[in-house]
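Enquirer: Sharing a structure with you now.
The values are calculated or read from the model by the stated rules, or taken from the named source; none is laboratory data. Quantities reported herein were computed from a predicted structural model and do not represent experimental measurements. Virtual Cβ from ideal backbone geometry, glycine too; neighbours counted across all protein chains shown. We work out accessible area using only protein heavy atoms, side chains counted, and drop any ligands, DNA or RNA first. Shrake-Rupley method; radii C 1.70, N 1.55, O 1.52, S 1.80 Å.
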Amino acid sequence: MSITVNGLDELKKLAGSDLGTSEWIEVTQDRINTFADATGDHQWIHVDPARAAEGPFGAPIAHGYLTLSLFIPLFTELLDVQGVTTKVNYGLNKVRFPSPVKVGSRIRLAAKLTDVEDVPGGVQITVDGAIEIEGGAKPAAVLQSLSRFYL
């Protein structure tokens, strides 16, 4: 369920709000292979299903940075900021990967908008997020993301 706000004043009113959870998406071997091709990271634990089945996780796992990169499409399901001209990623304060994402797993984002602060020409938001693994005891990633919205 997406929350839609129109403009920076409405966005500021959401500071401290739980944004809910995104829909589940499956992390397929094809997605992992495509990420490996894009980044040049072809480590066997990601792209060699036969060898990975004999490895420490019993299956291929997604790259940590693949999991992290899925934050944006999952986040856009949760918050739609209208009435701005530009939306940019500003960075990350914290990132950890507590649990690997095995091929075929489904993940989703749970997020909270912890802060909205003024910056020249717009605002910067801080979002605490956890990328959850369906049925998993620990999240795949926990992070604090910074984004900026400009008028």
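Enquirer: Stretched out fully, how many nm does the piece from Thr34 to Lys13 gain, at 0.36 nm a residue minus the Cα gap?
Expert: So the chain would gain 3.7 nm between Thr34 and Lys13.
Enquirer: Quick one: length gained pulling Phe57 to Thr76 fully straight, 0.36 nm per residue minus the C-alpha distance?
Expert: Length difference between fully extended and current span is 3.8 nm.
Enquirer: Separate question: What number, in nm² with one decimal, is the all-direction average of the projected area of the convex hull of the alpha-carbon atoms of the chain?
Expert: Over all viewing directions, the chain projects a mean Cα-hull area of 9.2 nm².
Enquirer: So what is the calculated 222 nm ellipticity per residue for the chain, using -39500 (n - 2.57) for each DSSP H run with n of 4 or more, over all residues, to the nearest 500 deg cm²/dmol?
Expert: The per-residue figure over the chain is -5500 deg cm²/dmol.
Enquirer: Can you compute the modelled spin-label distance between Ala50 and Asp115, with each label point 7 Å from Cα toward Cβ, in nm?
Expert: For the pair Ala50/Asp115, the computed spacing is 5.1 nm.
Enquirer: I'd like the orientation of helix 29-39 relative to the chain: the angle between its Cα long axis and the longest Cα principal axis, in ° from 0 to 90, rounded to 10.
Expert: For helix 29-39, the angle is close to 70 degrees.
Enquirer: Separate question: Percent of accessible area on the chain owned by carbon and sulfur, 1.4 Å probe?
Expert: Of the solvent-accessible surface of the chain, carbon and sulfur hold 50 percent.
Enquirer: Now for a different question. How much accessible area per residue does the chain have, counting only protein heavy atoms and a probe of 1.4 Å, in square angstrom?
Expert: That works out to 52 Å² for each residue.
Enquirer: Could you grab the relative contact order for the chain? Cα pairs under 8 Å, six or more apart, rounded to a whole percent.
Expert: Averaging sequence separation for qualifying contacts and normalising by length gives 30 percent for the chain.
Enquirer: Need one number: % antiparallel among DSSP beta bridges in the chain, to the nearest 5.
Expert: 90 percent
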